[in-house]
Amino acid sequence: MSDAQFWEMNPTATEILNEVKARKIQEINAAYTAEAQPLIKEYPLVEQQSWTAQNTEARAYLAWHADQQGAAPGTPVLDNILMGRNGETGTETLQQLCLAVIENAEMFTQFQQLTGKRQRLVKAVRAAEAVEEIELISW
C-alpha cells in the first residue's frame, strides 16, 4: 500500500502507530541485511544452509585431530566439499579445509553482535507507544 492510499483511509492513531512500527522494522531489517551482504555476497543460499553442518564437522574433526584418540568423526559434508575443491589434482587436506571453515565461522560469530542489535532495535520499536519514540530509533 502506498503512503497516499494509507492516508486516504483515515487511519486511527493506533493504525498510524502500527504502520510506523512496521516501516521502522523494515528499515532496521534492511540496514541489518546491508551490513551482512559483504560477508555473504559470494555464497549462494544453498551453501549457506550447510554452514552449521560444516562448522560442527570441522570442530569435531579438529578436536579429534589434536589427540587422535578413537576413530575419526564422520565428516560427510566436508568430505564432499573437499572432493569438489580438489578435483582430480588438488592437494587440500581435510585439516586445511576445517581450519578455513572455522575461520569463516568465527567471522560470522562476530557478526552476530549485529543480529543482537537488530533484535534490540526491533524490540524497542514494538515497545514504543508514540510515533516520536519510533522516529528516534535508528540503525
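The values are calculated or read from the model by the stated rules, or taken from the named source; none is laboratory data. Quantities reported herein were computed from a predicted structural model and do not represent experimental measurements. FYI the Cβ positions are ideal-geometry reconstructions off the backbone, even for glycines, and counts take in every protein chain you see.
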The lone condition residue 32 fails out of (1) surrounded by 13 or more Cβ atoms within 10 Å (Cβ to Cβ); (2) more than 24 Å from the chain's Cα centre (by Cα); (3) assigned to a helix (DSSP H, G or I) is (2)
Residue 106 fails exactly one of (1) more than 30 Å from residue 74 (Cβ to Cβ); (2) modelled with pLDDT under 95; (3) not β-branched (Val, Ile, Thr), namely (1)
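Condition first: in contact (Cβ under 8 Å) with a residue 60 or more places away in the chain, over 17 Å from the mean Cα position of the chain (by Cα) and either exposed (fewer than 15 other Cβ atoms within 10 Å of the Cβ) or within 30 Å of residue 12 (Cα to Cα) (or both). Can you find one or more residues in region 37-56 that meet it?
Let us first name the residues in region 37-56 that are in contact (Cβ under 8 Å) with a residue 60 or more places away in the chain, namely 39.
Going one step further and asking which of them are over 17 Å from the mean Cα position of the chain (by Cα), we end up with none.
Within region 37-56 (the criterion being in contact (Cβ under 8 Å) with a residue 60 or more places away in the chain, over 17 Å from the mean Cα position of the chain (by Cα) and either exposed (fewer than 15 other Cβ atoms within 10 Å of the Cβ) or within 30 Å of residue 12 (Cα to Cα) (or both)), the answer is no, since none of the residues qualifies.
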Contact list, first residue from region 99-110 and assigned to a helix (DSSP H, G or I), second anywhere and among the polar types (S, T, N, Q), beta-carbon distance below 8 Å, six or more apart or interchain, is 101/54; 101/55; 102/55; 105/54; 105/55
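Which residue out of 129, 88 is touching a residue at least 60 places away in the same chain (Cβ under 8 Å), out of contact with any helix residue (DSSP H, G or I) (no Cβ under 7 Å at 6 or more places or on another chain) and assigned to a loop (DSSP other than H, G, I, E, B)? Quick ask: steps written out before the conclusion?
On the way: 88 fails: touching a residue at least 60 places away in the same chain (Cβ under 8 Å).
The match here is 129.
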Among the residues of region 65-76, is any within 29 Å of residue 33 (Cβ to Cβ) and not acidic (Asp, Glu)? no
Of the residues in region 8-36 that are in contact (Cβ under 8 Å) with a residue 12 or more places away in the chain and not hydrophobic (A, V, I, L, M, F, W, C), the one that is nearest to residue 129 (Cα to Cα) is 21
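Yes or no: residue 66 outside any helix (DSSP H, G or I) and more than 30 Å from residue 2 (Cβ to Cβ)? I'd like the intermediate steps shown before the answer.
Working: outside any helix (DSSP H, G or I): no; more than 30 Å from residue 2 (Cβ to Cβ): yes.
Considered against the rule, which asks whether it is outside any helix (DSSP H, G or I) and more than 30 Å from residue 2 (Cβ to Cβ), residue 66 comes out as no.
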The correct count of residues that are hydroxyl-bearing (Ser, Thr, Tyr) and over 30 Å from residue 125 (Cβ atoms) in region 27-74 is 3
